[in-house]
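Undergrad: Once you've had a glance at the structure underneath, I'll fire off some questions.
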Amino acid sequence: MAAPNPEQQLEQLAGVLSSDAPPRVYCVNGAARWFRDRALDLIRGSFGGDREVVELDGAEARGKDADLAEFLMDLRTSNLFGASKLLLLRNAESWLREHGKLLSATFDKLASGNVLVLDVTRIDGRTAIAKTLKKNSAWFEFRQLYEKPFDASRPPQTGELAQWVRARASERGMHLSPDTAWFIVQVSGTDPAVLDGELDRLAPVCAGETVDPERLRPLLTIAFGSSQFELVDAILVGDLRAALRSLVAMYRQGLRDRDGKSIDATAVFPMVSSWLVSSLANLIEARAAVDAGEPERAVVQRYGGFFKGRFAQQLARHDRASLERIHAASVRAERRLRLTGEEPEILLERLLSETLLVGRRAIGGHGVGASVR
């Protein structure tokens, strides 16, 4: 059985901490580090500032090498002035594997007022220590938010992660549509810490607004200074200056993936090529539908994705022939990459020339439909 939504676990923890007889042992576990940190903050905050807090990290040398007898003594005794203590062992996986039996024998011997908190990323529920913890502690499991809904027929905008982004944005005074929340997830990644930080950054700019993806597009900087999206947009609207600026930015400023990790510059060409081909495929299908007599507004709704206004401009600009010329230029660029030793950046510059310069003039049969050498 899946663990409850982590936000529900936080609410339940807050209720337990405010009860008349809160537990003395807590196990905070699960893969969602951001939610576990919030849970630990709640526990610390409820403990009070006049009592002693002792923290060890099982992943660090001091935590690994901590004297077991001293740790158990801390659990069983108050401090010299009689105040109670909160003992928090973070990243406790290996520590529990090594000392779990001795620790579990101490649960019922905690000194009055002392509290033990174990922070664990993953614990096998079949082990003896896990069964003992579930029986003798307040057990809170914080799984990752689900990116997609259980019902595959429902759109991802209805999934837990997008709904969580909407709720966190609302707390900051921003009103996001489901499409906008999902767009933030697609650009910034699935890590709640990254998403929450991005909302913190956006709030001073967008507070009080009903925000759509078009509004956020130039503001979401978690990925890179420019992107394949901006470059392809510039190609499809015929803006050579914007296309060159975007290309230079991607190679000079570097790229980051949706989780904020650096991407090698060799990824620029395939990212641009893939997005250009995907965009062209949508536009070609949409153009065929319009040419067949479908209302343009309905076609834009079906194929336009997040940026229907931008898609409508691109669709209005191109006929079937011009879209196929750009596609042919993209195919030639891919072929040159495979068959020549030319730098990918130079090949992309040539692609811009063929789609935005020669394609305009089409002089003497040397336009974008010319043969490839």
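Values in this text are rule-based calculations from the coordinates and carry no lab data. Predicted, not measured: the structure shown is a model, and the values here were computed from it. Neighbour counts run over all protein chains shown; Cβ positions are idealised from the backbone, glycine included.
Undergrad: For S278 and K131 in the same chain, what is the full-extension length gain: residue separation times 0.36 nm, less their Cα-Cα distance, in nm?
TA: Value of the extension gain: 47.8 nm.
Undergrad: Tally Lys/Arg at +1 and Asp/Glu at -1 over every other residue whose Cβ is under 10 Å from the Cβ of S78; what's the total?
TA: Values: positive: R51, R76, K85; negative: E52, D74.
Combined, the nearby Lys, Arg, Asp and Glu give +1.
Undergrad: Taking the Cα centre of the chain as origin, work out the dipole magnitude from +1 charges on Lys and Arg Cβ and -1 charges on Asp and Glu Cβ, in debye rounded to 20.
TA: Dipole size: approximately 760 debye.
Undergrad: Compute the relative contact order of segment 6-141 as a whole-number percentage, counting only Cα pairs closer than 8 Å that sit 6 or more residues apart in sequence.
TA: Numbers: 200 pairs, mean separation 49.8, N = 136.
Once normalised by length, the contact order is 37 percent.
Undergrad: Let me ask you something else. Shape call for segment 6-141 from the C-alpha gyration tensor, a ≥ b ≥ c root eigenvalues: rounded (a/c under 1.5), prolate (a/b greater than b/c) or oblate?
TA: Rounded shape, in that the Cα axes give a/c under 1.5.
Undergrad: Which whole-number percent gives the relative contact order of segment 156-216, counting Cα pairs below 8 Å spaced six or more residues apart?
TA: Contact order relative to length: 40 percent.
Undergrad: Can you tell me the orientation of helix 308-317 relative to the chain, as the angle in degrees between its alpha-carbon axis and the longest Cα principal axis, to the nearest 10?
TA: That works out to roughly 20 degrees.
Undergrad: Under 1.5 on a/c is rounded, so check that first for segment 174-218, then, if it is not, pick prolate when a/b is larger than b/c and oblate when it is not; a ≥ b ≥ c are the square roots of the alpha carbon gyration tensor eigenvalues.
TA: Values: a/c = 1.81, a/b = 1.23, b/c = 1.47.
Because a/c hits 1.5 or more and a/b fails to exceed b/c, segment 174-218 counts as oblate.
Undergrad: How large is ³J(HN,Hα), in whole Hz, for each residue of segment 201-206 in order, when computed from phi with the Karplus curve 6.51 cos²θ - 1.76 cosθ + 1.60 and θ = phi - 60°, using x for Gly and Pro?
TA: In residue order, the calculated couplings are 6, 7, 4, x, 8, 10 Hz.
Undergrad: What list of ³J(HN,Hα) couplings, whole Hz, do you get for segment 125-137 from phi and the Karplus terms 6.51, -1.76, 1.60, once you set θ to phi - 60° and write x for glycine and proline?
TA: x, 7, 6, 5, 5, 5, 5, 5, 5, 4, 7, 10, 9
Undergrad: Around V299, what is the net charge, scoring Lys/Arg as +1 and Asp/Glu as -1 over all other residues with Cβ under 15 Å from its Cβ?
TA: On the way: positive: R287, R297, R302, K308, R310, R317, R320; negative: E285, D291, E294, E296, D319.
The answer is +2.
Undergrad: Now, a different point. Run the numbers on the chain and let me know its relative contact order in percent, using alpha-carbon pairs under 8 Å that are six or more apart.
TA: This gives 12 percent for the chain.
Undergrad: Hey, can you grab everything whose amide H is under 5 Å from the amide H of E52? Only 5+ residues off in sequence or another chain; H modelled, so Pro and N-termini drop out.
TA: Long-range HN contacts for E52: S84, L86.
Undergrad: Given L96, L202, A234, which one lies farthest toward the positive end of the charge dipole of the chain, if we put +1 on the Cβ of every Lys and Arg and -1 on the Cβ of every Asp and Glu?
TA: With unit charges placed on the Cβ atoms, the residue in question is A234.
Undergrad: Continuing with this model, one more query. Just to confirm the number: angle between the C-alpha axis of helix 33-47 and the first principal axis of the chain, 0 to 90 degrees, nearest 10?
TA: It works out to around 30 degrees.
Undergrad: Report, in degrees rounded to the nearest 10, the 0 to 90 angle that the Cα long axis of helix 240-253 makes with the longest principal axis of the chain.
TA: Helix 240-253 sits roughly 40 degrees off the main axis of the chain.
Undergrad: Something else about it: Using label points projected 7 Å from each Cα along Cα→Cβ, tell me how many nm separate A193 and E334, to one decimal.
TA: For A193 paired with E334, the spin-label model returns 3.8 nm.
Undergrad: Hey, another quick one. For D151 and R76 in one chain, what is 0.36 nm times their gap in residues minus the Cα-Cα distance, to one decimal in nm?
TA: Roughly 22.0 nm would be gained on extension.
Undergrad: Right, another one. Could you tally the net charge around E334, taking each other residue with its Cβ under 14 Å from the Cβ of E334, Lys/Arg +1 and Asp/Glu -1?
TA: Spelling it out: positives minus negatives among the neighbours equals +3.
Undergrad: Something else about it: Report, by chain and number, residues whose modeled amide H sits under 5 Å from the one on L145, excluding near sequence neighbours (fewer than 5 apart, same chain).
TA: Those lying under 5 Å, H to H, from L145: there are none.
Undergrad: Fully extended, how many nm does the chain gain between A292 and E345 (0.36 nm per residue separation, minus their Cα-Cα distance)?
TA: Working it through step by step, the gained length comes to 15.2 nm.
Undergrad: Just order 236-244, 141-149, 203-211 by mean Cβ neighbour count inside 10 Å, highest at the front, would you?
TA: 141-149, 236-244, 203-211
Undergrad: Right, another one. Within 10 Å of each residue's Cβ, count the other Cβ atoms and sort M174, M250, M271 from fewest upward. Please report the intermediate quantities before stating the final value.
TA: Values: M174 22, M250 26, M271 18.
If I rank by nearby Cβ atoms, fewest first, I get M271, M174, M250.
Undergrad: Starting at the first residue of segment 90-105, write each ³J(HN,Hα) from the Karplus equation 6.51 cos²θ - 1.76 cosθ + 1.60 with θ = phi - 60°, in whole Hz, x for Gly and Pro.
TA: Coupling constants for segment 90-105: 8, 6, 8, 4, 5, 4, 5, 4, 7, 10, x, 5, 5, 5, 5, 6 Hz.
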